[in-house]
Amino acid sequence: MSKIKINLTLEFSLPEERLTVNGLLAGVKKVIGQIFFIIVKTLFAAIEEREMERLKMKEPGRFVKNGHRRRLLRTSFGPLWFHLCRVSDKRDKKTFLPLAKTLSIPSY
């Protein structure tokens with residue numbers, strides 16, 4: 001099992017007076033979706049990079065990046081747009097999306 005480490009720094013602006021627990025929780029609730037999207041996109045990028053490294057180590061020169069494909073993932077926090085790296089296989093003359101293959105993201 002491999003590990004991916006994400007260093008995340010959050011900065012909140014808090015009022016000097018009249019701060020309540022409900023106000024604090026409401027503020028956190030507002031940004032939780034944004035935090036979720038940042039974490040997911042960072043994980044996607046790390047997994048994609050790891051897969052590209054594996055492909056390059058497996059057969060150097062065979063696989064090359066060939067642009068990207070924009071995708072939409074519907075989540076409970078709202079729609080998440082992200083880019084999938086497209087890779088060309090020089091030997092088989094095929095193009096594929098390593099992250100989609102690794103995470104079993106269906107095509108549409």
Given the conditions (1) within 16 Å of the chain's Cα centre (by Cα); (2) farther than 30 Å from ILE32 by Cβ, report the number of the one that VAL87 does not fulfil. (1)
Here is a check on your reading of the model: is THR20 among the hydroxyl-bearing types (Ser, Thr, Tyr), within 20 Å of ILE4 (Cβ to Cβ) and at pLDDT 90 or above? no
Within the stretch 69-76, can one find any residue that is crowded, with 16+ Cβ neighbours inside 10 Å, free of Cβ contacts under 8 Å to residues at least 60 places away in the same chain, closer than 19 Å to ILE38 by Cβ and not small (Gly, Ala, Ser)? yes
Please go through (1) over 13 Å from the mean Cα position of the chain (by Cα); (2) within 27 Å of ASN7 (Cβ to Cβ); (3) loosely packed, with under 15 Cβ neighbours inside 10 Å for ASN66 and return the number of the only condition it doesn't satisfy. (2)
Looking only at the stretch 1-26, filter to residues that are of a type in the set (Val, Ile, Thr) and in a loop (DSSP other than H, G, I, E, B); which one of those is surrounded by the fewest Cβ atoms within 10 Å (Cβ to Cβ)? THR9
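The values are calculated or read from the model by the stated rules, or taken from the named source; none is laboratory data. Values in this document were obtained by computation on a predicted structure and should not be read as measured data. Here the Cβ is made from the backbone with ideal geometry for all residues, glycine too, and neighbour counts use every protein chain on show.
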